[in-house]
Amino acid sequence: MADLAAPAIVAQVFDAVPLATIIIDQQGIIQAFSKRAEQMFGYSAADIVGKNIAVLTPPHVAAHHDSYLANHARTGERRIIGANRIEMARHHAGHNFPVELNVSPLNLGDRAGYVGFLRPVGGSDLQQREARSMLAELAQASRVSAMGALATAIAHELNQPLTNIANFTQGLSNLVSKQDEFKGRDEVLRILGNCSSQAVRAGQLLHRLRDFVKGGQPVTEPSRVSELVRDAAALAMINGYKRTIHMAHDIPADLPMVDVDRLQAQQVLFNLLRNAFEAVDAEHGGRHEIFISARDTGDGFVQINVEDEGPGIAQEIADSLFESFVTTKGGGMGVGLAICKQIVESYGGRIGVEQSSNLHGAAFHFTLPIVPGPTGAGD
Ligand code: ADP
């Protein structure tokens, strides 16, 4: 029987692992670099072994690596439950790409170390291009939704004055029509009739504008929550890649699939993640963790949670958070959460927020319907 611990066999197994595999020591110095890692990063093992792991991350993240490792060594603390993380990585050629990372502590004999398993999330050049166009599509969808929210608000606000104008002109017409001796009566009645019909037309135009920006009907399909989360997280990472934000997720493998329009579901997740990014950014000096989790609620829905380490929801807007044009940000539109609510509720789901018990920032949660019937099971 072969000695399975023989170095040659271990090396073969190391290279056969279907994920890019990297071993580092406590100081972050790369000890081993698998074939898949070579393919993923464009470095050969010979070039990279002995270098600091920081070369595989964008410079702004690299600056935080040493303190991160030192902190882990000192406290043994896992920053967050659920070891699946999404981070930005850096290719030898100089471009950044998101990866899903799973790190475990390792005993290197004379000292401690870590082994990391990585897989690209929209990471190849082709997928990167897809991610970019997806981002553009999401931005477009957000703009369209924002216009929809704007049109709805304008329609709502203008509806009453327009109705009043129509009613007043009608009242005036009635009054004038009784004035038999009024010389220009017919001409005035004609003009008042025009006023009234123009007011009605303006109202109809507003409604048509609202329907127009609402766009086509969403196309629902069975979707894996883990994929929706990974895609939206990768897009959020690419979009905000200059920030030193760490994202982790805990999504059960047996979670049922949800019946949604993928773009819409991603729009909700993306908006929540973008807000979480901005919230942790606002909290200077704080730790920059975002945690995404999901569970089956047991009544036909999956609940997805997005928690952050930001300052939490400002008291003054807590009651009107999901209404349009509510914002605390200088350049904010205040429509992101209103759009999320509109999308989630169109599927019969709910959206809400509380304080995160883990991360002490905001914990948003929303539900999406499970695919009906016995085929709902996911992975
Ligand atoms: P905008 O981001 O344009 O302000 P949103 O509707 O997405 O619009 O958010 C409305 C407001 O809700 C934000 O201005 C912010 O005050 C608050 N908010 C949203 N997400 C968070 C969060 N994760 N942490 C703290 N506050 C948040």
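The values are calculated or read from the model by the stated rules, or taken from the named source; none is laboratory data. Given the structure is predicted, the values throughout are model-derived calculations rather than measurements. All Cβ positions, glycine included, derive from the backbone under ideal geometry; neighbour counts span all protein chains shown. SASA here: full protein model, heavy atoms, side chains in, ligands and nucleic acids out. Shrake-Rupley method; radii C 1.70, N 1.55, O 1.52, S 1.80 Å.
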- prompt: Within the stretch 260-279, is there a residue that is at pLDDT 85 or above, within 24 Å of GLU137 (Cα to Cα), open to solvent by 10 Å² or more (accessible area, probe 1.4 Å) and over 17 Å from the mean Cα position of the chain (by Cα)?
  reply: no
- request: Please work out which one of (1) at pLDDT 85 or above; (2) not in a helix (DSSP H, G or I) is the condition PHE168 fails and give its number.
  value: (2)
task: Please find, within the stretch 22-44, the residue that is surrounded by the fewest Cβ atoms within 10 Å (Cβ to Cβ) out of those that are in a helix (DSSP H, G or I) and out of contact with any Asp or Glu (no Cβ under 6 Å at 6 or more places or on another chain).
output: GLN39
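Report whether or not PHE364 is open to solvent by 20 Å² or more (accessible area, probe 1.4 Å) and within 18 Å of the chain's Cα centre (by Cα).
no
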- prompt: Given (1) farther than 24 Å from MET257 by Cβ; (2) within 9 Å of the ligand (Cβ to nearest atom), where does CYS340 come up short, assuming only one miss?
  reply: (1)
- prompt: Regarding THR297, is this residue at pLDDT 95 or above, on the phi < 0 side of the Ramachandran plot and surrounded by fewer than 19 Cβ atoms within 10 Å (Cβ to Cβ)?
  reply: yes
Within the stretch 306-337, tally of residues that are crowded, with 19+ Cβ neighbours inside 10 Å and more than 9 Å from the ligand (Cβ to nearest atom): 1
- prompt: near the ligand (Cβ under 10 Å from one of its atoms) and under 18 Å from the mean Cα position of the chain (by Cα), is that true of MET247?
  reply: no
message: Given the criteria part of a loop (DSSP other than H, G, I, E, B), modelled with pLDDT under 90, surrounded by 22 or more Cβ atoms within 10 Å (Cβ to Cβ) and of a type in the set (Gly, Ala, Ser), does GLY285 qualify?
response: no
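Residue-wise test of (1) in a helix (DSSP H, G or I); (2) near the ligand (Cβ under 9 Å from one of its atoms).
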residue	(1), (2)
GLN266	yes, no
PHE277	yes, yes
GLN303	no, no
LEU368	no, no
field: Any chance LEU359 is open to solvent by less than 30 Å² (accessible area, probe 1.4 Å), in contact with a helix residue (DSSP H, G or I) (Cβ under 7 Å, 6 or more places away or on another chain) and among the hydrophobic types (A, V, I, L, M, F, W, C)
entry: no
